[in-house]
Every structure is written in C-alpha cells, then in structure tokens.
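Here is the structure we will look at.
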Amino acid sequence: MKISSTDFDQLEHKSITLLGMSGVGKTFLSTLLRDNDWFHYSGDYRIGTRYLDEPILDNIKHQAMQVPFLKDLLRTDSIFIQNNITVDHLKAVSTFIGKLGNIEKGGLSLKEFKRRQALHRAAEIAAMRDVPEFINKAQSLYGFNHFINDAGGSLCELDEPKLLEQLAEHSVLVYIKASEQDEKMLINRAKLAPKPMYYREALLDSLLAEYMQEQGLEYSALIEPDDFVLWSFPRLFYSRIPRYDAIAKEFGYTITTQELFKVKTESHFIQLVCKAIDRTEKS
C-alpha cells in the first residue's frame, strides 16, 4: 500500500512485505522483528510445508527406493518419511528444485527440471495469495500486533501483476536493494556453494541456449549441473534488479542493504521505512 510516513508510523497493526534477492537480509530482519510482536510469514516455508510437501516427499522416497534395504521397509510400511522443514532449514525445498544437467552427476533432465520449476512457480504464487489470510490469522488467532512477509527471492520472476496488487493492497512493500559491494558479495557467496535456483521459463531458455553454444554442447544432458548454476547465477541476479526496481517504483519503497545492516531494533526499522517513504514522496 502507498502511505505517508506519518500514517505508517501510527498504524496500530503494521503489515510489511519484504522484497529482494536471497541473502540481502529479509530473513535476518524478520527474525529480529518476530521477537517484537511481529508474525513472521516465510513464503519459502509455506511453499515447502503446504504446496510442495507431497512432491518433495515423493522425490525423497524416489531416492530411498534405490536402496534395497530402505525399499523393502517402505513397501511394507515399516518406516515412513516426513519433512522437517523449518523457517531456518529449507534445504528440502531447494533440493527438490534441483539443478539442470547430467543425471549421473546429480542433475535433472530438461523436461524434469522444467516440471519442477513450474510446480515451484505455482506454489510461490499460492503462498503469496495466502498472505491476506495470514495477516488476519496473525492478529485474530495468534495475537500478534504486526505482520512481516518474508517473500522469496524469485517473486519478481512470477509475472503476476494482480498478485503484486494484492500484496500492495494488504501490506507495505519494502524492497531491500543490494549495494554494489553487496551484489559482489552475494555473487561470490553463490560461487562457493552453488544452490538450485528458480528461473522464469523464457530466461531459462535464453540462458540455456547461450550456455550450450558457449560450451559447445549438443544436449542439455551433458551439462555439468554446478557449472551451469555458477555460470547463470550472475546473469539471473542482474536480470532481477530492474524487475525489483520497477515493482518498488509502482507498488512500494526501497531501502538499501547498507541501511538495513545498521538496524538493531524494531524502532530502527520503523524509522528506516518512514525514511524510505519520505524519500519516495520527494523524488
């Protein structure tokens, strides 16, 4: 929602949606606020525990069925498998998304990779559509005064304008923009531990064609999974910046990682949001 800094400061029940790349501090801030009467809604947690729970379990069971000992126990219902996803431990979600490339090296076929990407997209949209309901639950059921929506880093990839309108109607959208120094830090961090990523399909097709031509590969099955992630991440990262800038310009406000990392208390954060609102009104 668009709002004046004075009105925001005086809101009895504040609702904020945090936008930005993975690693810019959304979860760090949400964790700080949840100790101060804020309900922490994690989009990735909702995806994993509600909308991708069964596909994630099926993927784990598929791996377990390759082991004869576990296969026999599963087929006889002697054991069961369940997720243990928490806000701070979301590896099961990223493992399900997987990496494109050589199956023998832990990769996925292009068909399977795109299937999982589509499932993740639908799950992320559904999780964000649940935000208004959870804003109400946070107050009426759990007794929290305020609400913070820790949205996934791929929200800008969804191309769902009505979803953004809904989020902006029910919450103040705050985009955490990485400084140039922090951009380099995030890219370097990704190089140390390549993680599965969500790509909008048009971008994936474009990146894949460019990568395969550059590497001289004829089939996607020949791709080194980690190598493709390392190669594509900076391109994916920089493709998201103008998308988030546009979302913030139309629907919300922008703060920087440098400003955010100075926040130590709830009141500091409220002051920072007010500053961002005033800055937008003057521009």
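Bear in mind these aren't lab numbers, they're just calculated from the coordinates by the rules spelled out. Everything numeric in this text was worked out from a predicted model, so none of it was measured. Don't worry about glycine lacking a Cβ; one is built from the backbone with ideal geometry, like all the others, and counts go over all protein chains shown.
Straight-line reach from Lys162: taking Cα to Cα under 18 Å and skipping same-chain neighbours fewer than 8 places apart, the aspartates and glutamates in range are Glu124, Asp130, Glu133, Asp245, Glu250.
Taking the fewest neighbouring Cβ atoms within 10 Å as the starting point, the ordered list for Leu236, Leu222 is Leu222, Leu236. Dividing the helix sum by the residues of the chain, where each DSSP H run of 4 or more adds -39500 (n - 2.57), gives a mean residue ellipticity at 222 nm of -17500 deg cm²/dmol. For a straight C-alpha distance cut-off of 24 angstrom, the lysines reachable from Lys275 (same-chain residues fewer than eight places away being disregarded) are Lys2, Lys14, Lys26, Lys177, Lys249, Lys262, Lys264. Each of Leu29, Ser78, Phe251 was scored by the projection of its Cα onto the charge dipole of the chain, and the greatest displacement toward the positive side belongs to Ser78; charges sit on the C-beta of Lys, Arg, Asp and Glu.
Sorted from fewest to most neighbouring beta carbons within 10 Å, what does the list Thr17, Thr95 look like?
Ranking Thr17, Thr95 by Cβ neighbours within 10 Å, fewest first, gives Thr95, Thr17.
Using C-alpha pairs below 8 Å separated by at least 6 residues, the relative contact order for the range 14-269 is 33 percent.
Using only side-chain charges placed at the Cβ, +1 for Lys and Arg and -1 for Asp and Glu, the dipole size of the range 144-188 relative to its Cα centre rounds to 120 debye.
Footprinting exposure proxy ranking of His146, His62, fewest other C-beta atoms within 10 angstrom first, gives His62, His146. With the gyration tensor restricted to C-alpha atoms of the chain, the semi-axes of the equivalent ellipsoid amount to 35, 24, 15 Å, longest first.
So which lysines can Lys71 reach, going by Cα to Cα under 19 Å and dropping same-chain residues fewer than 8 places off? Within reach: Lys61.
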